Every structure is written in C-alpha cells, then in structure tokens.
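Please read the structure below before turning to the comments.
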C-alpha cells in the first residue's frame, strides 16, 4: 500500500493538494481509489482516536480487538470472555494474510464489523437510541475505510438479522419495538453515508468506466458487472473450507519458505544438489487447493470452532439461528464457481453483487460468526447471564 500510493504522497508533499490521477497503477487510474485525504470528513479524526496512535498494522489488529470486545460487553458477556473473543477474532489468519498482501483497507473494514453489530443488536434489545448512534458511527468508519465489498457483506448479514428479529418480534408480540429499532437503524445508515458521500459518488462514477460495468467490446451489452469467470476466479474449494479448523488442510501458502531440515529440501538435494534445493525451499509451492494462488488459509482455530459447535446446543432463540445461518451462507458463497446454484442467485439477482471479485472473501462473515457464537455459548455455559 505504501508503494502504490508513493506517487500520490510525493505530489501531496510537493504541492500541498490532492492529485486526482496516478500513472503508476494499471497504466493510470483515478488517485482517489488509492489514497486521498478528504479534509472535511471529520470521521477520520474519530478513526485516529480509536487507533490510539499505534503504528500500522498493529492499529488495525487493536481496532479489531476493541470492536469485538465492545460487542461482547454490549451483549452483557463477562469481560474475560470478551477479551478471549477479541483475541480470537482479531488474530484469525485471514487478517494476517491480507496484511501480508497489502490489503490494509480490507483489514480495517473487517476490524469494524463487530462494532457495527454491537449497535444493531443493542437497537433490537430495547436500547434503540444508543444502538442507532453506535451503528451510525461504526458504519461511517467502515465506509471511510473504503472496502465496499466487506460493507456489502455486512449489509446482507444485517438483512438476515432483521428477518430473524421480525420473527422474534412476532413471537413475543413486540412489533412496535421492532419497528422503532428498524426505523432508527435506517436513519443511522443514512447518517453513516453522508460524511463519505464524496468518495462513494466518485467510486460509483468510476465504476461506469471500469471492468465492473458494461463492455464496449461486445456487440450486445449484456453485463452490468464483472465477467463471471473473472469474478469467481478466487473461489474457495468446498473441502478447502476445512482450513477453518485445520490450517494446512490445503497445503498452506503458494509460496512458503521451508528450512533445510524439511523433507522437501532433503529429497531435492539428494537428486539435484544443495543449490537447487535451497532455491526451491525459499518459495515452496505448498498450496494445492482450488484457488489460483493464496498467501495462506482462512483459519479460525480449533478452540473457537469447538465453542461454535457447542453454542449450537447451548444457545436458544433467534440469535442462534441467525449466527448459524450467516456462517453457513457465507461459507457457501465463498465456494463461488463450486456451488453455482447459490452463486448465480446472488450474482444475477442481488443488486451490485456482480461488482465484486474474489468471492472467497465472503469467509470474513463466517470468521466473525464462529468466535461470536463460540463466546456467547461459553458465556451461557459459564453463568447463563446472556442476551439471546
């Protein structure tokens, strides 16, 4: 990310204003898709406060832990379980794989997911005013991070929650409270968009002239989004989903450095000599899954996954079914071309879904639900004082 924005930073330092074009990325593209300072967007200062002056990428990991901890406190869980859940969430391998690839905006957006749901769940638990305020702030911060694919997945997950909350409201004859919270959250979402409207509008306009819009190279314009083969190129394999529990299930990274004690080194050295063996093990292609390449698996950990399964039996009510449904749905969406009935439904009929690529990223919601449900199940097991 530092390298891609170097030209922009140099221009900003030299002339004291924002460049709108960068020539070093993709033979030229709008600079506001890489790095731009919106001086009038005050939400950036809230962002800096939450980072506590920590250097990157530690600030992103800290924000993820803080966000998840506040969610657990909002759900009235024990603070010690909140700390454990915060560590489990922030230290999911996907965060580190993304940081290694330079996808800091993605990690920033992921870090704010729990804080958004802290507000939404509070709103539906009779704390609608505070919940709406937290939702508006957290959602505004996430939009500011400028990774709209993550925000899109969050929107789908909120939609699922609303459906389950409606069922709960009908069962408990609490429709007025449900409607009050829903209207407050809708208003909160509108407020969250306003500080970021400039960047959102520029992104919308740029999308018309990118591969995410209609092509001028065909006789008939049939697509308003990405080519499906391109969009589904990074589809997680069905069996590869086992990496959520077993990190090396699909081998690991496409380029992983082994040491001279590895069996691979010994085997190659015995046939081709030490020089060839040393060259090979510096970037050993360990990955054998269904994606073109990867820097590493999406791994949540054995303990969080065990607690997730345990929570299915311990938790009651609509909260349980929302978390399980979201976890399974987004895992299936991550399969992309390996599960076309569901993928086609979303790709062809959900607005703007065809604008996004790398569907394996859908696992960010699964990786959020696993520690969330797991920690709530642990709270239930520990003392029973849990909001459902």
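The values are calculated or read from the model by the stated rules, or taken from the named source; none is laboratory data. What you see is a predicted model, and the numbers here were worked out from it, not measured in a lab. Quick reminder, even Gly has a Cβ in these numbers, built from the backbone with ideal geometry, and neighbours come from all protein chains shown.
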Those residues of the stretch 301-349 which are outside any helix (DSSP H, G or I) and either within 18 Å of residue 161 (Cα to Cα) or modelled with pLDDT under 95 (or both), in sequence order: 301, 315, 316, 317
From the options 137, 130, residue that is without any contact (Cβ under 8 Å) to a residue 12 or more places away in the chain, surrounded by fewer than 24 Cβ atoms within 10 Å (Cβ to Cβ) and within 19 Å of residue 184 (Cα to Cα): 130
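If you check 45, 32, which single one turns out to be surrounded by 17 or more Cβ atoms within 10 Å (Cβ to Cβ) and either at pLDDT 70 or above or within 24 Å of the chain's Cα centre (by Cα) (or both)?
Values: 45 fails: surrounded by 17 or more Cβ atoms within 10 Å (Cβ to Cβ).
The unique qualifying residue is 32.
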Residue identified as more than 30 Å from residue 31 (Cβ to Cβ), at pLDDT 95 or above and assigned to a helix (DSSP H, G or I) among 181, 155: 181
From the options 284, 326, 352, residue that is at positive phi and either in contact with a strand residue (DSSP E or B) (Cβ under 8 Å, 6 or more places away or on another chain) or touching a residue at least 60 places away in the same chain (Cβ under 8 Å) (or both): 352
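Hey, among the residues in the stretch 230-256 that are in a helix (DSSP H, G or I) and in contact (Cβ under 8 Å) with a residue 60 or more places away in the chain, which one's surrounded by the most Cβ atoms within 10 Å (Cβ to Cβ)?
Just the residues of the stretch 230-256 that are in a helix (DSSP H, G or I), to begin with: 230-231, 239-244.
Narrowing the set further to residues that are in contact (Cβ under 8 Å) with a residue 60 or more places away in the chain leaves 230-231, 241, 244.
On the way: 230: 11, 231: 23, 241: 20, 244: 27.
For the stretch 230-256, the residue satisfying everything is 244.
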Test result for residue 275, at pLDDT 90 or above and either assigned to a helix (DSSP H, G or I) or closer than 23 Å to residue 103 by Cβ (or both): no
Test: residue 155 is surrounded by fewer than 22 Cβ atoms within 10 Å (Cβ to Cβ), in the same structural domain as residue 366 (by TED's automatic domain parsing), free of Cβ contacts under 8 Å to residues at least 40 places away in the same chain and touching a helix residue (DSSP H, G or I) at 6+ places or on another chain (Cβ under 6 Å): no
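Could you say whether any residue in the stretch 257-264 is surrounded by 13 or more Cβ atoms within 10 Å (Cβ to Cβ), in contact (Cβ under 8 Å) with a residue 12 or more places away in the chain, touching a helix residue (DSSP H, G or I) at 6+ places or on another chain (Cβ under 7 Å) and outside any helix (DSSP H, G or I)?
We begin by selecting, within the stretch 257-264, every residue surrounded by 13 or more Cβ atoms within 10 Å (Cβ to Cβ); these are 258, 262, 264.
Keeping just the survivors that are in contact (Cβ under 8 Å) with a residue 12 or more places away in the chain gives 258, 262, 264.
From the residues that got through so far, the ones that are touching a helix residue (DSSP H, G or I) at 6+ places or on another chain (Cβ under 7 Å) too are 258, 262, 264.
Filter once more, so that each one left must be outside any helix (DSSP H, G or I): 258, 262.
Yes, there is a match, as at least one residue in the stretch 257-264 is surrounded by 13 or more Cβ atoms within 10 Å (Cβ to Cβ), in contact (Cβ under 8 Å) with a residue 12 or more places away in the chain, touching a helix residue (DSSP H, G or I) at 6+ places or on another chain (Cβ under 7 Å) and outside any helix (DSSP H, G or I).
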